[in-house]
Amino acid sequence: MIHIIKVARPLGMEIMYTTIESLTRNGRDRSLDHKSSNIFIPKGSPKADVISDVAPTEDDIWLKKTSSGVFNSTNIDYILRNLGVEFFVIMGFLTDQSVDMAIRDAADKGYQVICISDACTTHTQVRHENALYAFGGYCRIMTTDEFIHEIQGSNNSKNGNSSTTLAINDHQENLSISIGSSLQPAVLTMLVTTDLTGITRGRALPTETVDEYWSTGCGWVPAASAVTPQGIIADPNPWSSCGDLRLLPDRKSRVRISNGPDPTTPMFDFIHCNIIETDGKAWPGCPRELLRQEIQRYHDMFGMRVKAAFEHEFTLNGRQCMSDLPAFSLRAYRHVADFAGWLVTALQSAGVEPEMFLPEYERSQYEITCRPTEGVAVADRAVN
């Protein structure tokens, strides 16, 4: 099951979860069968959570059901048709209960159903095998390896316009993965360095590959540090156009902001990097290395520890009737309170620890202050 999800997600497959959970705290909305069988997960109960190994991401669809059949107590059919799903692939447990009902109902509604036999289970092996035999006429039965081989081959060939849904069913939880024929944008993470002109530059790569770069970094060139704020390479260029470097990501500096006011925007994900030589040694022109050396010099010479914070002042454009708002006033704050709230939330998500937001003296001028920290993280926070 874990392996299929790992393969399916990068191929742009829509993953849908359904878990047993009542819409009420006393379970009065449950099906008669669940009431008679005393199957009861109250609204908001942690027992309804999906296990961490197959947990949904923030943008996955997650439905709550109150019966054994996912088609009976959710609007999954409506959603699958909106997604253009034709094939329905099912995994999970119990094989002879929730899985069985999902397969039969999906087949009756016109979906072409696939069951992943080694990704389903129930209380005994005999019950599992009997169930597979009983609903075999309603679906195509495949193993994990067979299915992964087929979807990878289908993805490479790009033939046909049909779409597929995988569903993982559990007695307490069901997971559906729908595989649409349309392409989906890749999720990217950017490895960045901020140069001495204050411009953050870098290279973006698929988020799923980030683990490959923690120890080796990605390619970079010395000439990139000679680019001026005007977008031209300085002349003379102290590093010439030759040579290779690496951007080595610093795990502790990663910034991930899931969304802003528009929930459809992609995650903002970047990692501050040290610039290193190809042999792994620090590059003398790396701004983070220069700062690190200076902090160490203060400590060695004076016994000082550098603790600092940045205050950012800015002019907020695009709002009407801001020219008559008094400086430092409640009115000036209320006029942009929505923006202020999102800004503070984004900075908190970025690990910046914002302290306060305030209207400033000039018209449309605002300021945000942040709590102090030590070391290179001070500069990282200023960028974040």
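The values are calculated or read from the model by the stated rules, or taken from the named source; none is laboratory data. If you're wondering where the values come from, they're calculated on a predicted model, not measured in any experiment. When we count neighbours, we look across all protein chains shown, and the Cβ atoms used for this are built from the backbone with ideal geometry, even at glycine. Each accessible area value is taken on the protein alone, full model and side chains, heavy atoms only, with ligands, DNA and RNA left out. Shrake-Rupley method; radii C 1.70, N 1.55, O 1.52, S 1.80 Å.
Out of the range 360-383, which residues are touching an Asp or Glu at 6+ places or on another chain (Cβ under 7 Å), surrounded by fewer than 18 Cβ atoms within 10 Å (Cβ to Cβ) and not β-branched (Val, Ile, Thr)? The answer is Glu360, Gln365, Glu367, Arg371. Considering the range 314-332 alone, what residues qualify as being open to solvent by 40 Å² or more (accessible area, probe 1.4 Å) and more than 32 Å from the chain's Cα centre (by Cα)? Gln320, Cys321, Ser323, Asp324, Pro326, Phe328, Leu330, Arg331, listed by residue number. Would you check if Val85 is within 27 Å of Asn130 (Cα to Cα) and open to solvent by less than 30 Å² (accessible area, probe 1.4 Å)? Taking the combined requirement at face value, the residue does not satisfy it.
If the condition is being open to solvent by 70 Å² or more (accessible area, probe 1.4 Å) and outside any loop (DSSP other than H, G, I, E, B), then the range 291-311 contributes Arg292, Gln293, Glu294, Gln296, Arg297, Tyr298, His299, Asp300, Met301, Phe302, Lys307, Glu311. Considering each residue of the range 344-359 in turn, at least one proves to be closer than 22 Å to Tyr213 by Cα, open to solvent by less than 30 Å² (accessible area, probe 1.4 Å) and in contact with a helix residue (DSSP H, G or I) (Cβ under 9 Å, 6 or more places away or on another chain).
Here are Thr207, Thr200, Thr194, Thr165: which of them is modelled with pLDDT under 90 and under 30 Å from Asn384 (Cα atoms)? Residue meeting the stated conditions: Thr207. Of all residues in the range 188-216, those that are basic (Lys, Arg) have Cβ atoms under 7 Å from Cβ atoms of residues that are at pLDDT below 95 and assigned to a loop (DSSP other than H, G, I, E, B), 6 or more apart or on another chain, in Arg201/Asp195.
Residues that are open to solvent by less than 60 Å² (accessible area, probe 1.4 Å) and over 26 Å from Ser215 (Cβ atoms) within the range 238-264 comprise Ser240, Ser258, Asn259, Gly260, listed in sequence order. Selection of helices (runs of 4 or more DSSP H) fully inside the range 1-92 by the criterion of at least 1 residues being at pLDDT below 85 returns 2-8, 32-37.
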